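Below: one structure, written as structure tokens.
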Amino acid sequence: MSKDIVIIGNWKMNKTPEEAEAFIGKLNLLYAENKAKILENVKFGIGAPAVDLAPIKKTNEIEGLIIAAQNMHEKESGAFTGELSSKIIKGAGANAVILGHSERRAMFNETSESVAAKARVAIENGLLPIIAFGETLEEYEAKKTKRVVKKMVQESTRGVDLSKVVLAYEPIWAIGTGKTASAKDAQNVCKYVRSITDENVVIQYGGSVKPENIAELMSQPDIDGALVGGASLDATSFIKLLTMNK
Ligand code: PGA
């Protein structure tokens, strides 16, 4: 049996609820048309702004669609103005949550410790955490990738059941830049991550993944999926990711 390939679109701060509904409406149709071209082991979903979760859930007709929030708070409830708990995002329609994206780590002071705490709570509440990590350009150029990634992965998954998460290796220098890590380099890091975590853990690659390069990336033995920003915003492009551009 072939292993699962998990492809998640990360919309970041894009799409109003109305635009989210329009996207999912189109995706329903495109999925039905292209289903025969999508391998059975391909699982997929969208990481959306929190207010888009309920409209996505309502509009979706695709069985098994992963609906992910892009952050959550580790407390169940309380005086945390502006925050959302796992129960709140789940109630809105999420079955997954992206945690520790580099933009949240860099701009909103997200730490690996808080990512691990959130992941543990997400799992307790039946959500799939997608835990992101990756090195900066400076660290990459100084050949510190493995050292940096090891620390981030170990700290971000402390006390976390690895059979219930997706890991997402995203070199920061490849995000939104059009520069993709070569399939060989991405494979090397993902293989290393597997060696320090669990043989069966799902490991995605992210960073300028698009229809033109997804097949080569997914053919690597240790890359089990993709976290895709820019190329996930358009439904036609998103479907091409799922068909591996066929
Ligand atoms: P990108 O973003 O595909 O636009 O490079 C990936 C991500 O940040 O998850």
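No value in this document is a laboratory result; all are computed from the given coordinates. Just so we're clear, the structure is a prediction, and the values are computed from it rather than from any experiment. In this analysis, Cβ positions are derived from the backbone assuming ideal geometry, glycine residues included, and neighbour counts consider all displayed protein chains.
Can you list residues whose amide H is under 5 Å from Ala168's amide H, if they're 5+ apart or on another chain and H is modeled 1.01 Å from N?
Ile131, Ala132, Phe133, Gln204
Using θ = phi - 60° and the Karplus relation 6.51 cos²θ - 1.76 cosθ + 1.60, list the HN-Hα couplings for the stretch 154-164 in order, rounded to whole Hz, with x at every Gly or Pro.
4, 6, 7, 10, 4, x, 9, 6, 5, 7, 10
Once label points are set 7 Å from the Cα along Cα→Cβ at both Ile62 and Met107, what is their separation, rounded to one decimal in nm?
Taking the simple label geometry, Ile62 and Met107 are separated by 2.5 nm.
Dipole of the stretch 126-218, Cα-centred, from +1 at each Lys and Arg C-beta and -1 at each Asp and Glu C-beta, to the nearest 20 debye? Kindly include the intermediate steps, with their values, before the conclusion.
Details: 13 positive and 12 negative charges, 45 e Å.
In total the dipole reaches around 220 debye.
Could you tell me the calculated FRET efficiency between Ala22 and Lys150, based on Cβ-Cβ distance and R0 = 45 angstrom, to the nearest 0.05?
0.60
Which residues among the stretch 47-66 fall inside the zone where the amide N is under 16 Å from a point 7 Å beyond the Cα of Asn125, along Cα→Cβ?
Answer for the stretch 47-66: 48-54.
Which of the peptides 110-116, 165-171 is most tightly packed, and how do the rest follow, going by the mean number of other Cβ atoms within 10 Å of each residue?
Descending mean neighbour count gives 165-171, 110-116.
Would the stretch 168-246 count as rounded, prolate or oblate if I go by the C-alpha gyration tensor, calling it rounded below 1.5 in a/c and otherwise prolate when a/b exceeds b/c, oblate otherwise?
prolate
Spelling out what I want: for every residue of the stretch 87-93, take phi, set θ = phi - 60°, compute 6.51 cos²θ - 1.76 cosθ + 1.60 (Karplus), and round to whole Hz; glycine and proline get x.
Once θ is set to phi - 60°, the couplings for the stretch 87-93 become 5, 5, 5, 5, x, 7, x Hz.
Would you mind telling me which residue in Ala132, Ala22, Ala122 has the biggest mean-square fluctuation in a Gaussian network model of the chain, where springs connect alpha carbons within a distance under 10 angstrom?
Highest fluctuation of the listed residues: Ala22.
Calculate one ³J(HN,Hα) per residue across the stretch 13-23 by plugging θ = phi - 60° into the Karplus curve 6.51 cos²θ - 1.76 cosθ + 1.60, and present them in order as whole Hz with x for glycine and proline.
8, 9, 5, 6, x, 5, 5, 5, 4, 5, 4
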